[in-house]
Amino acid sequence: MKVTAKANTSEKDIEKAVRIAQRVKSLPADSPVLAGLNRQYDDLVDRIGYDPIS
């Protein structure tokens, strides 16, 4: 399956989403910053048009 980003997606958005996902994986499950990071990641996935990690 070929996945393409939305036309207005920048490479910077994709890189930022990957960095956030890596940071989330390294944090403990009870970390207070997880909610904010998850929200940022979801916003980026919506902007990009696909999940760059999966």
> Could you count how many residues in the stretch 41-53 are open to solvent by 60 Å² or more (accessible area, probe 1.4 Å) and within 12 Å of V18 (Cβ to Cβ)?
Replying inline: 1
>> Could you tell me how many of the residues in the stretch 8-26 are assigned to a helix (DSSP H, G or I) and without any contact (Cβ under 8 Å) to a residue 12 or more places away in the chain?
In response: 7
> When you look at N38, is it exposed (fewer than 11 other Cβ atoms within 10 Å of the Cβ) and polar (S, T, N, Q), yes or no?
Replying inline: no
> Listed residues A35, A5, A29; which is at pLDDT 90 or above, more than 8 Å from the chain's Cα centre (by Cα) and outside any helix (DSSP H, G or I)?
Replying inline: A29
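The values are calculated or read from the model by the stated rules, or taken from the named source; none is laboratory data. Remember, predicted model here, so these are calculated numbers, not experimental data. Cβ: placed from backbone, ideal geometry, glycine included. Neighbour counts: every protein chain shown. Only protein heavy atoms, including side chains, enter the accessible area calculation; ligands, DNA and RNA are left aside. Shrake-Rupley method; radii C 1.70, N 1.55, O 1.52, S 1.80 Å.
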